[in-house]
Amino acid sequence: MALIAHAYTLVDTVASTISHLDVVAQATIPNPAPKDPTNGSPAVELLFAIAKWGVLVAGALGLLGSFAVMGIGKLADNPSVMSKAKAGIPYAVIAILGGFLAIPLVNAIQGSLA
């Protein structure tokens, strides 16, 4: 029984020491505001702009291409081509939706670093 009491005392001592170190660390470690690592480089902004809109353009082209291949498969009476084209539609829609969600997120992050 005495061993369990010593273990509880040890755990209590360690917990109080850790909480004391946490208070000391919060008081001494600076927490600076976010800073733009690129210092506003126009090349990085252009890269992000191309990437953001490139996702939307690629998704739209993928969606139109899937519809075109599906039409070709229908005209050629080839159901395997149509099924392969139908499989590409969800991926194109997910890419477009991902772009629509990512663009405001990237814009907000870039705006907060200025």
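Derivation of every value follows stated rules applied to the coordinates shown; laboratory data play no part. Small disclaimer: the values here were computed from a predicted structure and weren't measured.
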Computed helical MRE - 222 nm, the chain, DSSP H runs ≥ 4 contributing -39500 (n - 2.57), nearest 500:
-30000 deg cm²/dmol
Calculating Cα extents along the principal axes in Å from this structure picks out, from (i) 85, 49, 16; (ii) 40, 26, 22; (iii) 58, 33, 21, entry (i)
